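One structure below.
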Amino acid sequence: MQVIRSDIHRRHHCAELDGGKIIDSWEHPGRADMVDRATDEVDMAVSPPAVLDRRLLESVHDPGYLAFLETAWTRWVDAGHTTACAMAFTWPARRMTGPAPTTIDGLLGHHSFAADCSIGAHTWPAAAESAAIAQTAADRAVDAASAVFARCRPPGHHASRDQFGGYCYLNNAAVVAQRLRDRGHDKVAILDIDYHHGNGTQDIFYEREDVVFASLHADPRREFPYFLGHADETGRGDGAGANLNLPLPHGTGASDWLAALDTALGWITDAAPTAAVVSLGVDTYHDDPISRFTLATDDFPEVGRRLRRLPDPVVFVLEGGYATEQLGVNVVGVLRGFEPG
Ligand code: Q9C
Ligand code: ZN
């Protein structure tokens, strides 16, 4: 399997609010290093991304949001702030439906949904490069009619049309799906196997039938992102019936998780897509420091093997996974389980 990657991500490492403390984010450059080391060890062919197509990006994100992301750091500095990261501190809550604010401190809350994610000097270049990796992986998958791994960092599945959060700024899986649509696939499936619900991906495609979304994740009644990912969210308008959420309890282990995976794969087969995107988070691992499922390293190749039921081509997009030492082994376990050799 080919891998698309780049090193531009390296200078992006922001602060997050975690348990009442501001810490260096769990989502850090060393994660990508571990994945790169593991894919190099099995001799996966590596290519850099092509130039990002702005129109593609504007078809999954609000152009005003993109302009905000691109200028947020400069506006933060111009406002007189001296911190390493721009952080929101207030958000529109229930019944607060007024117009968008016009200054950077207010706009940060308008364009985010969580304080686990902030914006530094190098966040926009890193996020744009991550989306370019996604776009390039989709193109390569179509051109070669084979599976491709998009080693994205920062991750993307929590980013909605116009909000960042959950370590995500641009929705890389959505970029892949839209590119596959634009390159001739009439129906595309996104399967999200990250521990957390892919609220951003669900949001972007919720009213569309041409991109179906299935996710298995920790029950949002007890887990981030809390406010989306429930079983009764099945799509709206043209997208009615095109969204499947399979929330699972804390402590879920391999047998129950794999049974839910089979349910999602059956649902996707019934939808009859001609291409698939896998939002590949391995924060389902038992040693993940912020997650509570109990998959073992030996389970990930079996996950990959079961994913062979997806239609060709498949694009794997890296999402979460915070047990840094085992991250590369677990990711490559899925990729090699899917396509040995
Ligand atoms: N107290 C992804 O896996 N923040 N994002 C956790 C811990 C939310 C995870 C804070 C986790 C976001 C791509
Ligand atoms: Zn996650």
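Derived from the Cα gyration tensor, the three semi-axes of the equivalent ellipsoid of the chain are 28, 22, 21 Å, largest first. When exposed loop sites are taken as chymotrypsin sites (Phe, Trp or Tyr not before Pro) in a DSSP loop with at most 15 other Cβ atoms within 10 Å, the longest stretch of the chain clear of them is 90-225.
Once you have a ≥ b ≥ c as the square roots of the Cα gyration tensor eigenvalues for the range 193-272, tell me rounded if a/c is under 1.5, and otherwise prolate or oblate according to whether a/b is larger than b/c. Oblate, because a/c is 1.5 or more while a/b does not exceed b/c.
With bins 10 Å wide beginning at 0, the percent of Cα pairs of the range 99-216 falling in each bin runs 14, 43, 32, 10, 1. Take the alpha-carbon centre of the range 13-42, take the same for the range 68-143, and report the distance between them in whole Å. If we compute the Cα centre of each part, the gap is 18 Å. For the chain, the membrane-span-like helix rule (DSSP H, alpha carbon extent of at least 20 Å along the helix axis, mean Kyte-Doolittle at least -0.5) picks out 63-78, 123-144, 254-271, 324-338; this says nothing about an actual membrane.
Averaged over its residues, the range 165-259 has an accessible area of 35 Å² per residue, based on protein heavy atoms and a 1.4 Å probe. Scalar couplings 3J(HN,Hα) for the range 53-59, obtained by applying the Karplus form with A = 6.51, B = -1.76, C = 1.60 to θ = phi - 60°, are 8, 4, 5, 4, 4, 6, 8 Hz; x denotes Gly and Pro.
With q set to 0.21 Å⁻¹, the log10 of I(q)/I(0) for the range 5-88, from the Debye formula over equal scatterers at the Cα positions, is -1.16.
For the set THR82, THR234, solvent exposure ranked by accessible area (probe 1.4 Å, protein chains only) runs largest to smallest as THR82, THR234. Restricting attention to the range 52-132, which trypsin sites (Lys or Arg not before Pro) occupy a DSSP loop and are surrounded by at most 14 other Cβ atoms within 10 Å? When the trypsin sites (Lys or Arg not before Pro) of the range 52-132 are filtered for loop state and at most 14 Cβ neighbours within 10 Å, ARG94, ARG95 remain.
Name the residues of the range 210-236 whose amide N is less than 17 Å from a point 7 angstrom out from the Cα of ALA259 along the C-beta direction? Of the residues in the range 210-236, 216-219 have backbone N under 17 Å from the label point off ALA259. A prolate overall shape is assigned to the range 230-324, the ratio a/c of its alpha-carbon gyration tensor axes (a ≥ b ≥ c) being 1.5 or greater and a/b exceeding b/c.
The values are calculated or read from the model by the stated rules, or taken from the named source; none is laboratory data. Note that the coordinates shown come from a computational prediction; the quantities given were computed from them, not determined experimentally. Because the Cβ atoms are built from the backbone with ideal geometry, glycine has one as well, and the counts that use them run over all protein chains shown. SASA here: full protein model, heavy atoms, side chains in, ligands and nucleic acids out. Shrake-Rupley method; radii C 1.70, N 1.55, O 1.52, S 1.80 Å.
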